[in-house]
Amino acid sequence: MSRATISFLRRGKRIDVSDVDPRMTLLEWLRLSERSTGTKEGCAEGDCGACTVVLARERNGRLVYEPVNACILLLGQADGTEVISIEDLETAKGLHPVQEAMVNRHGSQCGYCTPGIVMSLFALSHARPEKLDRDVINDALAGNLCRCTGYKPIVESALDSCSSSLPDHFDAREGATLAELSNFRAGEDVFMGDDSVFFAAPGSEASLAFLLKSHPDATIVAGATDVGLWITKGLQDLKKIIWLGRIRSLATIEESETSLTIGASITHQQALPRLSSLDPDIGELGRRFGSTQVRMSGTVVGNIANGSPIGDWPPLFIALGATLELREGFSSRKLPLEEFFIAYRKQNREPQEYLRRITIQKPGADDHIRVFKVTKRRDEDISAVMGAFKITVKDGLVADARIAFGGMAGIPKRAFNTERAIIGASIKDIATWRAGAEAMERDFEPLSDHRASADYRMRVARNLVIKALAEIAGVPSSTTRIFAHREATHAAE
Ligand SMILES: Cc1cc2nc3c(=O)[nH]c(=O)nc-3n(C[C@H](O)[C@H](O)[C@H](O)COP(=O)(O)OP(=O)(O)OC[C@H]3O[C@@H](n4cnc5c(N)ncnc54)[C@H](O)[C@@H]3O)c2cc1C
Ligand code: FES
Ligand code: FES
């Protein structure tokens, strides 16, 4: 079965779009085609949140409301969802509770950021957070910049309006929306365009294999949080786009006692609860990955496929000992993640192959995990240096070590010399920590760029080795962690 349109719901009605450029973003469609100009464009690269809209979609039988950056989301990625923009919140009875609170608290001045902020808060109100506090609200707003108002009144608006007890008109028609969405049949292939220019969303891996065989020059898109920028900032003329979002077999997470397997279209947001449960540092890394909007669209596997030397998941997954599955047609191959990265932006993947899933080994009882992301800003920033450590300690000795870094070379890479320098040594011996730090000089020759100088990177990386080993040896985190220190200070106040 195949359909030649991109189809979604708008205000309860089905919209079928055909004959548009496959690169068209959702923001362009809203503003230029539908003339819904309430949604703004600020940065056009996913950073400012002015373009935030909400996609309502069915997940596990429930309707979920996901905030996304419409500026870098392709229109085709809205297929099978209800698109909700700022114009849809007010009813004949008045403003939405979130809007009402923003008015009452004076949460808007020039107003340019306001539609995006309201949409993020609208999504937060529908997420029904168990505990609504400033940390939860700050996370929800990390991807929304306001230059005028200051966040105090905005956060207060959220405290007033995002509690779980306030149903709205979207809740009232949830059943009808779910029924409408079920009409976008699973398994159906979407192909809009012709053989030279198209947006395709295959409904199965068999259809994906067929498309990739016929069009090895096509661009695979998962969340488009990287590809979207190639279009809006790189002005790349991508003519053939294959989106993975309709393939159910790629949208799975499997968990066993020893491993976690994440499919190619699983978003960061979906994977986070499982990943966070492996270790608190992993949870914090995930929380600091982009913003809520980026985590809602971007995928874990897309972060790997992109092959960036400063991607956050690859060093961690290398340290954990992850295996990638790649598929071409009906044959698959598996390889250790560290072998996937060959050289700067060069990965071990044939044009007709796709990454199917990644399997991560869970840490064992003697394994200690430490993950440090070093950035200029706490939220929504890309790493200057990212260090991930899995250190196995038995009887006070380092029995095994897997250490990987991002930002220190053209690819995410293991620190083999550092590992060798500490294996067999006493974890509590300061000489071990120093030997590990010194070996970093033999593992990496970092570059200078706009994020950090080579000298800074090396110094930070050496210090991270000492910090990781010191913490594992038992040095209290209140002396090594800014946030533990901050919490201790708050408690004392
Ligand atoms: C505002 C902002 C903040 C960000 N913050 C972070 C951050 O904190 N940390 C970080 O690491 N990254 C960050 N990123 C980068 C980006 O979000 C991640 O790399 C993301 O995980 C990419 O996933 P995606 O699904 O959006 O990939 P896409 O953009 O869809 O694809 C990325 C690349 O992978 C290829 N690809 C995707 N899936 C497959 C597959 N299954 N098989 C073969 N090829 C595939 C695509 O062809 C493309 O080359 C940020 C981006 C933005 C815009
Ligand atoms: S316009 Fe800035 S995030 Fe979209
Ligand atoms: S009110 Fe002006 S940018 Fe937020």
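For Ser259, the residues whose modelled amide H falls within less than 5 Å of its own, excluding neighbours fewer than 5 places apart on the same chain, are Lys362. Taking 29 Å as the limit for the C-alpha separation, the pairs Lys233/Lys376; Lys13/Lys152; Lys13/Lys131; Lys13/Lys93; Lys152/Lys376; Lys213/Lys413 exceed it in the case of Lys13/Lys152; Lys13/Lys131; Lys213/Lys413. Computing FRET efficiency as 1/(1 + (r/R0)^6) for Glu34 and Ser453, where r is the C-beta to C-beta distance and R0 is 51 Å, gives about 0.60. In this simple spin-label approximation, Glu445 and Asp400 carry label points 7 Å from Cα along the Cα→Cβ vector, and these lie 3.2 nm apart.
About its Cα centre, the dipole of the chain is roughly 540 debye, where the only charges are +1 on Lys and Arg Cβ and -1 on Asp and Glu Cβ.
Between the C-alpha center of the range 248-284 and that of the range 404-429 there is a gap of 25 Å.
Peptide packing: for 23-30, 447-454, 34-41, the average count of neighbouring Cβ atoms within 10 Å per residue gives the ranking 23-30, 34-41, 447-454, highest mean first. If you average the alpha carbon positions of the range 131-176 and of the range 66-123, how far apart do those two centres end up, in angstrom? The two parts, judged by their Cα centres, are 10 Å apart. Counting only residues at least eight positions apart within a chain, or on another chain, the aspartates and glutamates with an alpha carbon under 19 Å from that of Lys362 are Glu254, Glu255, Glu257, Asp279, Asp281, Glu284, Asp312, Glu325, Glu338, Asp400.
Measuring only protein heavy atoms, the 1.4 Å probe finds His169 accessible over about 60 Å². Within the accessible area of the chain, the carbon and sulfur atoms contribute 51%, probe 1.4 Å, all protein chains present.
Placing R0 at 35 angstrom, the Cβ-Cβ distance between Leu95 and Glu58 gives a FRET efficiency of 0.80 after rounding to 0.05.
Please compute one quarter of the surface area of the Cα convex hull for the chain and express it in square nanometres. Mean shadow area of the hull around the Cα atoms is 23.9 nm². Here is the list for the range 312-404: trypsin sites (Lys or Arg not before Pro) lying in DSSP coil, each with at most 14 other C-beta atoms within 10 angstrom of its C-beta, are Arg345, Lys376, Arg377, Arg378. Along the axis of the charge dipole computed for the chain (Cβ charges of +1 for Lys and Arg, -1 for Asp and Glu, origin at the Cα centre), the listed residues Phe341, Ile304, Gly42 are led at the positive end by Phe341.
If you take the Cα centroid of the range 1-63 and the Cα centroid of the range 431-472, the two points sit 44 Å apart. Where in the range 156-188 does the label zone of Ile15 land, with the point 7 angstrom along Cα→C-beta and an amide N cut-off under 16 Å? 181, by backbone N distance to the label point. Each Lys and Arg Cβ is given +1 and each Asp and Glu Cβ -1; about its Cα centre, the range 97-167 then shows a dipole of about 160 debye.
The values are calculated or read from the model by the stated rules, or taken from the named source; none is laboratory data. Quick caveat: nothing in here was measured; it's all calculated off a predicted structure. In this analysis, Cβ positions are derived from the backbone assuming ideal geometry, glycine residues included, and neighbour counts consider all displayed protein chains. With ligands, DNA and RNA removed, areas are computed over all heavy atoms of the protein, side chains included. Shrake-Rupley method; radii C 1.70, N 1.55, O 1.52, S 1.80 Å.
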